1. When you go through Ala2, Ala69, Ala48 one by one, which is the residue that is in contact with a Leu (Cβ under 6 Å, 6 or more places away or on another chain) and either surrounded by fewer than 19 Cβ atoms within 10 Å (Cβ to Cβ) or of a type in the set (Gly, Ala, Ser) (or both)?
2. For the structure I just gave you, tell me whether Gly59 is on the phi > 0 side of the Ramachandran plot, at pLDDT below 95 and either in contact with a Phe, Trp or Tyr (Cβ under 8 Å, 6 or more places away or on another chain) or surrounded by fewer than 18 Cβ atoms within 10 Å (Cβ to Cβ) (or both).
3. Scan segment 99-114 for residues that are in a helix (DSSP H, G or I) and not acidic (Asp, Glu) and jot them down.
4. Looking only at segment 27-36, how many residues end up being loosely packed, with under 14 Cβ neighbours inside 10 Å and not charged (D, E, K, R)?
5. Return the residues of segment 91-105 that are in contact with a Gly (Cβ under 9 Å, 6 or more places away or on another chain) and surrounded by 15 or more Cβ atoms within 10 Å (Cβ to Cβ); say none if nothing qualifies.
6. Please state which of the following conditions Thr19 fails to meet, knowing it meets all the rest: (1) in contact with a strand residue (DSSP E or B) (Cβ under 9 Å, 6 or more places away or on another chain); (2) within 18 Å of Met1 (Cβ to Cβ).
7. Which fully enclosed strands (runs of 3 or more DSSP E) of segment 1-95 have 1 or more residues being within 17 Å of Arg106 (Cβ to Cβ) and free of Cβ contacts under 8 Å to residues at least 40 places away in the same chain?
8. Out of segment 39-56, which residues are among the β-branched types (Val, Ile, Thr) and under 19 Å from Asp94 (Cβ atoms)?
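The values are calculated or read from the model by the stated rules, or taken from the named source; none is laboratory data. As the structure is a computational prediction, the values presented were derived from the model and not from experiment. In this analysis, Cβ positions are derived from the backbone assuming ideal geometry, glycine residues included, and neighbour counts consider all displayed protein chains.
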Amino acid sequence: MAKLVERYFAALTANDDATVGALKNAEAVDLMHKMRAAFPDAHWTHTALVESGDTVTCGVTFVGTQTGALGSHPATGRKVNVHVEGLTMTVAGDKITASNMTEVFRPAVIKAIS
């Protein structure tokens, strides 16, 4: 399971639509496009991946410069380095079926650009 999550974060950084879509879903691809439009130099990394049952928990660090709008938040030109803990992803077979990434990650990024 942890290897699948590692592939997911590598695909996010590489802006790899096909892999993100295959590992998660079309919504994840859409979110990746929005983040990449706002942060063209976006880079995601993860801290230790801990497996428990069908869930992988980790921390995530996101680094990028906001040169485009993110939703209603206009470009700021700020370079952000955001780290959050407690990200969980549920894995079934070869797919991430659920995660709390939006709930955990989005508020931290919005705070960094506000």
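1. Working: Ala69 fails: in contact with a Leu (Cβ under 6 Å, 6 or more places away or on another chain); Ala48 fails: in contact with a Leu (Cβ under 6 Å, 6 or more places away or on another chain).
Selected residue: Ala2, the only one of Ala2, Ala69, Ala48 that is in contact with a Leu (Cβ under 6 Å, 6 or more places away or on another chain) and either surrounded by fewer than 19 Cβ atoms within 10 Å (Cβ to Cβ) or of a type in the set (Gly, Ala, Ser) (or both).
2. Working: on the phi > 0 side of the Ramachandran plot: no; at pLDDT below 95: yes; either in contact with a Phe, Trp or Tyr (Cβ under 8 Å, 6 or more places away or on another chain) or surrounded by fewer than 18 Cβ atoms within 10 Å (Cβ to Cβ) (or both): yes.
When the stated conditions are applied, Gly59 does not pass them.
3. Step one: filter segment 99-114 for residues in a helix (DSSP H, G or I), giving 101-113.
Matches in segment 99-114: Met101, Thr102, Val104, Phe105, Arg106, Pro107, Ala108, Val109, Ile110, Lys111, Ala112, Ile113.
4. Residues in segment 27-36 being loosely packed, with under 14 Cβ neighbours inside 10 Å and not charged (D, E, K, R): 1 in total.
5. Taking segment 91-105 and keeping what is in contact with a Gly (Cβ under 9 Å, 6 or more places away or on another chain), we get 100, 104.
Of everything in segment 91-105, just one residue is in contact with a Gly (Cβ under 9 Å, 6 or more places away or on another chain) and surrounded by 15 or more Cβ atoms within 10 Å (Cβ to Cβ), namely Val104.
6. Of (1) in contact with a strand residue (DSSP E or B) (Cβ under 9 Å, 6 or more places away or on another chain); (2) within 18 Å of Met1 (Cβ to Cβ), only one is false for Thr19: (1).
7. Details: elements: 43-46, 50-52, 55-65, 79-92.
Strands (runs of 3 or more DSSP E) meeting the threshold: 43-46, 55-65, 79-92.
8. Going through segment 39-56, the residues among the β-branched types (Val, Ile, Thr) turn out to be 45, 47, 50, 55-56.
Residues satisfying the conditions are Thr55, Val56.
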